[in-house]
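The values are calculated or read from the model by the stated rules, or taken from the named source; none is laboratory data. Bear in mind the structure is a predicted one, so any value in this text is a computation, not a measurement. With ideal geometry, Cβ positions are generated from the backbone for all residues, glycine too; neighbour counts draw on all protein chains shown. Quick note on the areas: whole protein, heavy atoms, side chains included, nothing else; ligands and nucleic acids left out. Shrake-Rupley method; radii C 1.70, N 1.55, O 1.52, S 1.80 Å.
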Amino acid sequence: MSGKDKVDLFPSRLNLMLMKVRLKGAHKGHSLLKKKSDALTVRFRQILRKIIEAKMTMGEVMKEASFSLAEARFTAGDVNSLVLQNVSKAQTKVSLKKENVAGVILTTFEYNADGEDNYELTGLGKGGQQVSRLRKNYIKAVTLLVELASLQTSFIILDEVIKITNRRVNAIEHVIIPRVERTINYIVSELDESEREEFYRLKKIQAKKKKIKQLLEIARKAAGMRISEGPKNILDAERDEDLLF
């Protein structure tokens, strides 16, 4: 087994325990990343659906705004110079907000109308109705543009994060976990082999000791020596031979 197929570790019970803990952590991390990827994918599809709807609506809104501008210019003439002269500060503002989705910070934009309308009397003498319709249509278009920009930004961020998360999930599932499992199998096989070798060695030692003991008994019997089996117990009932004087 090559070094790329497993972690280079000495096969011991301590390393076996550490690799089992590492395998458990890898499974838990894979589960968490998989749940995160699923949650981000659900939000990604929701944003994609909203983008499609917003783009379909955008065409109609911009078409109405363009027609309203043409009508206002035809009826009231060029009102751009009058509006620009009266501008002191922006009434339409865009605020930036942060949204947390499964640990991912999404940037969203929000349309805000600040202040009173300084141009509500513009064009009342001539084409006032067309100018008012023009203003409402372009406010609607700007609001939709801000919403679309927010959706597009979140879409790009989520797309990149989902790709990174899926790569991590695949790496854990197809690289890290199999490698740790192969390492555990390698350590277990080596420990089993070591236990078999130790058992065989002990059997050989016992057989050799037994053989040596047998040879010693044969040698002692040949020399007329009695092999003592242990200390003699004086309490044993043993009949002594009678002595005749």
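Among the numbered conditions (1) open to solvent by 90 Å² or more (accessible area, probe 1.4 Å); (2) of a type in the set (D, E, K, R); (3) free of Cβ contacts under 8 Å to residues at least 40 places away in the same chain, the only one that GLU198 does not meet is (1). Every test in (1) β-branched (Val, Ile, Thr); (2) open to solvent by 50 Å² or more (accessible area, probe 1.4 Å); (3) at pLDDT 90 or above is passed by ILE105 save one, and that test is (3).
Restricted to region 12-50, and to residues that are β-branched (Val, Ile, Thr) and surrounded by fewer than 17 Cβ atoms within 10 Å (Cβ to Cβ), which residue is farthest from the chain's Cα centre (by Cα)? The residue in question is VAL21. Only one of the listed residues (GLU53, GLU116) is of a type in the set (Asp, Glu) and modelled with pLDDT under 85. That residue is GLU116.
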